[in-house]
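A.B. asks: The structure's right below; bear with me while I get my questions together.
The values are calculated or read from the model by the stated rules, or taken from the named source; none is laboratory data. Source: prediction; values computed, not measured. Glycine gets a Cβ as well: all are built from the backbone with ideal geometry, and neighbour counts include every protein chain shown. Side chains included, ligands, DNA and RNA excluded: accessible areas come from the protein's heavy atoms. Shrake-Rupley method; radii C 1.70, N 1.55, O 1.52, S 1.80 Å.
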Amino acid sequence: LALTSAIFWSVDLGVTCMTGVYVDGIVVTKAFTILKRFAMTKMFLDVSLVALDWLVLNTRDEIIETRWASVARSAKVLRLVRILRLMKMTEFFRAVEKRIRSDALLISVRLAKHIFTIIALCHITACLWLGIGQRERGWVYHQMRTEQGDQFLSRYMTAAHWALSQIHGSMEVYPETELERFFATIVLLGAFVLSTWFVSSMTNLMVQLQSIRSGRTRLHTQLLQYMADRKLSGTLIARIKKFLESRVTSPVLLAKEVSLLKVLPRHMLEDIYEEDYSKMVYEHALFYEFTIATPVVVRNLAHSAMWEVSEVPDSCIFSTGDACASMLFVSSGRMHYVQGIRSIRIMPTAAFENSPVGQKRKKTEDKPASGKVLRENSWLCDAAIFTTWFNVGELTSISYSLLVHMGAEEFAKVVTSYPQAHRIAANHAQIFMNELNALTGTKRISDLMMGGHQKSWGRASSAMA
């Protein structure tokens, strides 16, 4: 175990020397900068602890009686210094909290952090209490004279019980020497402050958790009351409930749900959206040409003309005949597109189902629909930014997905502000309309990436299954 620990922390030291650092808000990966920052912060402590691990590992019991006996005994005492590694757990919990998207899960992690803190402090206190008690005529001598079996485990558990009882409860172990009495007094004072902090923190976190649940319950109650007042059908209510349940468990987090983004300056938001959306829009020939000729247009489009929509599995995004006012990009998840199908959004009545139209619709629904599966960095409905467009197929979500919309009006407003970009867009629109007019009256018209010329189609088809 000691060898494994020494190897682990040695490797951790090397990994730290290769981990990028932030300098003025920018990630820097240069080795010199990393080593300089590491040397100015934690290098001395980390190197000292790793060296201590190897020193203790090489001073085993078999050399205690040699001329290195004093060094070995000193090394065993210095092992207590390794407790400082617990400070790394603070960084670990902080890193975990940064990656959590659920408020309830974040509060649960903070609860776990508080409990871990109590366990760690009790362990340290128990070790110190056991070390002091093993001195001559200490509490170990008076309390453990009749112990049987594993003496170390029995003594440690007794010390841990005593440490925990200083926070709450009582214990039959009492100080026997002046040193033990002094240590017990210090621990009791610390336990008083610690218990006050722990109770207040736990109460505060539980109140926050209860507030989150109460808020969700209140919103659901309002929605149920609204649906009951409007006398909506049971089928539609069931669909709404299913959507809300899926939305709560969705792993997709929208930009508008991040409150702190609202306080960031415009130029920083433009940096965020440009970096986030660039991997999608660059695959389209029009936006690729924008990037080469006028990069500022893509930056402004990402900030002013694009927005995100989260979709749960089995959601219908659009159907044949729907008016389309935005181009769609698949940022994450999988979507299924079928050409020429029209969904009925409201549950049909029995009279409709028995009618000739309803019977024809039912036969159409019973047939397995073939289509295309769209994955990340795919796009569709690019016709909407060039002309008035009505969807000619149906798009549904297969998994939890994130769609990014580019509004046609917002696109036109941004592009017309830059003459060069306006000319590029006009050329693409002319090519697109010529191809679209050539397909009029055929079954080849689709919402899928017809746009512009073969370059855009070739890039897009590689993103489809």
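A.B. asks: What do you reckon, is residue 230 loosely packed, with under 12 Cβ neighbours inside 10 Å and within 30 Å of residue 419 (Cβ to Cβ)?
C.D. replies: Considered against the rule, which asks whether it is loosely packed, with under 12 Cβ neighbours inside 10 Å and within 30 Å of residue 419 (Cβ to Cβ), residue 230 comes out as no.
A.B. asks: Out of region 370-407, which residues are aromatic (Phe, Trp, Tyr) and under 17 Å from residue 310 (Cα atoms)?
C.D. replies: 379, 400, listed by residue number.
A.B. asks: Residue 441 - would you say it is outside any helix (DSSP H, G or I), under 25 Å from residue 320 (Cα atoms), at pLDDT below 90 and open to solvent by 50 Å² or more (accessible area, probe 1.4 Å)?
C.D. replies: yes
A.B. asks: Would you confirm, using the coordinates I've provided, whether residue 169 is small (Gly, Ala, Ser) and part of a helix (DSSP H, G or I)?
C.D. replies: no
A.B. asks: Of everything in region 28-46 that's under 27 Å from residue 7 (Cβ atoms) and either in contact (Cβ under 8 Å) with a residue 60 or more places away in the chain or among the aliphatic types (A, V, I, L, M) (or both), which residue is most open to solvent (accessible area, probe 1.4 Å)?
C.D. replies: 40
A.B. asks: Checking residue 399 against (1) touching a strand residue (DSSP E or B) at 6+ places or on another chain (Cβ under 7 Å); (2) assigned to a loop (DSSP other than H, G, I, E, B), which single condition isn't satisfied?
C.D. replies: (1)
A.B. asks: Tally up the residues in region 278-301 that are within 24 Å of residue 391 (Cα to Cα), touching a residue at least 24 places away in the same chain (Cβ under 8 Å) and open to solvent by less than 20 Å² (accessible area, probe 1.4 Å), please.
C.D. replies: The total comes to 6.
A.B. asks: Restricting to strands (runs of 3 or more DSSP E) lying wholly in region 296-362: which have 3 or more residues that are at pLDDT 90 or above?
C.D. replies: Where strands (runs of 3 or more DSSP E) fall fully within region 296-362 and carry at least 3 residues being at pLDDT 90 or above, they are 306-311, 326-332, 335-339.
A.B. asks: Any residue at all in region 144-151 that is outside any helix (DSSP H, G or I) and either surrounded by 16 or more Cβ atoms within 10 Å (Cβ to Cβ) or modelled with pLDDT of 80 or more (or both)?
C.D. replies: Yes, region 144-151 contains at least one residue that is outside any helix (DSSP H, G or I) and either surrounded by 16 or more Cβ atoms within 10 Å (Cβ to Cβ) or modelled with pLDDT of 80 or more (or both).
A.B. asks: Is it true that residue 255 is closer than 20 Å to residue 447 by Cα and surrounded by 14 or more Cβ atoms within 10 Å (Cβ to Cβ)?
C.D. replies: no
A.B. asks: Okay, moving on. Suppose we keep only residues that are modelled with pLDDT under 80 and touching a helix residue (DSSP H, G or I) at 6+ places or on another chain (Cβ under 6 Å) within region 208-227. Which one would you say is surrounded by the most Cβ atoms within 10 Å (Cβ to Cβ)?
C.D. replies: It comes out as 209.
A.B. asks: Here is a further query. Taking region 228-257, which residues are of a type in the set (Gly, Ala, Ser) and either modelled with pLDDT of 80 or more or over 30 Å from residue 109 (Cα atoms) (or both)?
C.D. replies: 228, 233, 234, 238, 255
A.B. asks: Oh, and also: Just to be sure, is residue 179 touching a residue at least 60 places away in the same chain (Cβ under 8 Å) and either in contact with a Leu (Cβ under 8 Å, 6 or more places away or on another chain) or surrounded by fewer than 18 Cβ atoms within 10 Å (Cβ to Cβ) (or both)?
C.D. replies: no
A.B. asks: Since residue 382 meets every condition but one in (1) at pLDDT below 90; (2) surrounded by fewer than 23 Cβ atoms within 10 Å (Cβ to Cβ), which condition does it not meet?
C.D. replies: Failing condition for residue 382: (2).
A.B. asks: Within region 402-418, how many residues are buried (at least 17 other Cβ atoms within 10 Å of the Cβ) and part of a helix (DSSP H, G or I)?
C.D. replies: 5
A.B. asks: Let me ask another. Step by step: first the residues of region 258-272, then only those that are open to solvent by 100 Å² or more (accessible area, probe 1.4 Å) and within 20 Å of the chain's Cα centre (by Cα), then the one that is modelled with the highest pLDDT. Which residue is that?
C.D. replies: Applying the filter and picking the extreme gives 262.
A.B. asks: Of the residues 115, 63, 100, only one is open to solvent by 30 Å² or more (accessible area, probe 1.4 Å), over 15 Å from residue 9 (Cβ atoms) and at pLDDT 75 or above; which?
C.D. replies: After ruling out the rest, the residue left standing is 115.
A.B. asks: Looking only at helices (runs of 4 or more DSSP H) that fall completely inside region 233-293, which ones have 2 or more residues that are under 17 Å from residue 377 (Cα atoms) and out of contact with any Phe, Trp or Tyr (no Cβ under 7 Å at 6 or more places or on another chain)?
C.D. replies: It comes to 266-281, 285-293.
A.B. asks: Before we move on, is residue 275 touching a helix residue (DSSP H, G or I) at 6+ places or on another chain (Cβ under 7 Å), under 19 Å from residue 404 (Cα atoms) and open to solvent by 50 Å² or more (accessible area, probe 1.4 Å)?
C.D. replies: no
A.B. asks: Related question: Taking region 279-338, which residues are polar (S, T, N, Q) and touching a helix residue (DSSP H, G or I) at 6+ places or on another chain (Cβ under 9 Å)?
C.D. replies: 291, 294, 300, 304, 310, 315, 326, 331
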